[in-house]
Structure formats: C-alpha cells, structure tokens
Amino acid sequence: PDKQLYVYQILPSGKPLIDSVRTDVSGNFSVSILVEKAGYFTLMLDEKNEITLVISPGEKITLNADGNNLKNTYKIEGSDDSELYRDYEKFTSHNLEKVDSLSRIFAESRSDPGFIAIKTQLDSAYLNIFNDQKTEVISFISKHLNSLASLLVITHNFGPLALLTEQT
C-alpha cells in the first residue's frame, strides 16, 4: 500500500523513466502508457524489486504480485511475450537458487580434508545446471522465434557466464 512504482523503457541508449504511479491503500494501481511499437519495459518498486515486461501496442495488461517480491510472485495477463519471459525468468531463478546452494556447500567445505573430491562433485553439479540452462535457452528461442522475449533471453548470461556464443 501507498508505494511509488516506476515504469522505465529499456532502450539500447539507456533506460528513460516513462511514468510513475502510487499504489492506493490496498496496493492497487493503474497506469496507461501509449506504446507505439513493441518494446521492453521495467516496472520497478526499488532497485531490488523490479520486473521486465515485453509490451506490444494495444495490449491491456493485468498484473498481480506481492509488492515485497515482484519478480518471484507476479502473474501477468494480456501480454503473451511478457508471460513467456516471466516463465523463462522463473526457470532461471530456480537454477540460480541451485547454484547458490552449491556455493554454500563450497564455502562450508573448504576446510574439509576431502575438499578436492567435494569440489569436483560441485563442479560437475554446476556444469549440469549450466547445461540445463543453456538447453532451455536454445529450446525457448527455437519455440518462440517470432517473440521479442527471445531477444531478451539470447542476451542473458547465467551468472557471469554467457550461455550462447556466436557458434552456439
């Protein structure tokens, strides 16, 4: 309730603020933006709480989310490309949680006498997660060749590593 939300457009040259809106006492809001051609937008509550949307002209979008955790709780209707991208982001978040678990095990095991064997297992587990993510990216792009969401997926890294190269 009573929070300021910001809408930014994502452009190659930057991320200009398009509009802002304050939620009412129930946390509801409505904003109208004239979208002349399909593009990418961010709805942001704060720097750690934002979602990316792929919006085309004429779409009337309904969004429901927990304001404390937009990225992991939002449901969207009225924008097929935004729904596709949300599903990809959920898949990615799940894989990043797995990587965080591996990182915790790594940190906790550093003084273990069998650390080398543990590290080898962790490296193998990470490689499986990374390859799973890469397979998902390739599958997503193949299934959604005409979706603007695919352009976002192509450009994403998995942590610090690029999932796709010019050869992939």
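Per-structure values
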{"quantity": "Residue, most open to solvent (accessible area, probe 1.4 Å), within segment 42-62, restricted to residues that are out of contact with any helix residue (DSSP H, G or I) (no Cβ under 9 Å at 6 or more places or on another chain) and either at pLDDT 95 or above or under 14 Å from Glu89 (Cα atoms) (or both)", "calculated": "Lys60"}
{"quantity": "Condition met for Asp112 (under 30 Å from Thr23 (Cα atoms) and either free of Cβ contacts under 8 Å to residues at least 12 places away in the same chain or among the basic types (Lys, Arg) (or both))", "calculated": "no"}
{"quantity": "Residue ranges of strands (runs of 3 or more DSSP E) in segment 1-98 with at least 2 members in contact (Cβ under 8 Å) with a residue 40 or more places away in the chain", "calculated": "4-10, 39-46, 49-55"}
{"quantity": "In segment 137-168, the residues that are aliphatic (A, V, I, L, M), free of Cβ contacts under 8 Å to residues at least 24 places away in the same chain and assigned to a helix (DSSP H, G or I)", "calculated": "Ile141, Leu151, Ile154"}
{"quantity": "Odd one out for Glu36, checked against (1) surrounded by fewer than 16 Cβ atoms within 10 Å (Cβ to Cβ); (2) charged (D, E, K, R); (3) over 30 Å from Val7 (Cβ atoms)", "calculated": "(3)"}
{"quantity": "Members of segment 110-135 found to be open to solvent by less than 60 Å² (accessible area, probe 1.4 Å), part of a helix (DSSP H, G or I) and over 25 Å from Ala162 (Cβ atoms), listed by number", "calculated": "Phe115, Ile118"}
{"quantity": "Residues of segment 70-109 satisfying the condition of being polar (S, T, N, Q) and open to solvent by less than 60 Å² (accessible area, probe 1.4 Å)", "calculated": "Thr73, Ser79, Ser82, Thr92, Ser93, Asn95, Ser101, Ser109"}
{"quantity": "Complete set of residues in segment 90-146 that are closer than 26 Å to Asn49 by Cα and of a type in the set (A, V, I, L, M)", "calculated": "Leu96, Val99, Leu102, Ile129, Val137"}
{"quantity": "Which listed residue is surrounded by 15 or more Cβ atoms within 10 Å (Cβ to Cβ) and modelled with pLDDT of 95 or more, from Val31, Val7", "calculated": "Val7"}
{"quantity": "Test result for Thr23, surrounded by 15 or more Cβ atoms within 10 Å (Cβ to Cβ) and either within 14 Å of the chain's Cα centre (by Cα) or modelled with pLDDT of 95 or more (or both)", "calculated": "yes"}
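The values are calculated or read from the model by the stated rules, or taken from the named source; none is laboratory data. Quantities reported herein were computed from a predicted structural model and do not represent experimental measurements. No Cβ is skipped: glycine too gets one built from the backbone with ideal geometry, and neighbour counts run over all protein chains shown. For the accessible areas, the whole protein counts, side chains as well, though only heavy atoms, and no ligand, DNA or RNA atoms are used. Shrake-Rupley method; radii C 1.70, N 1.55, O 1.52, S 1.80 Å.
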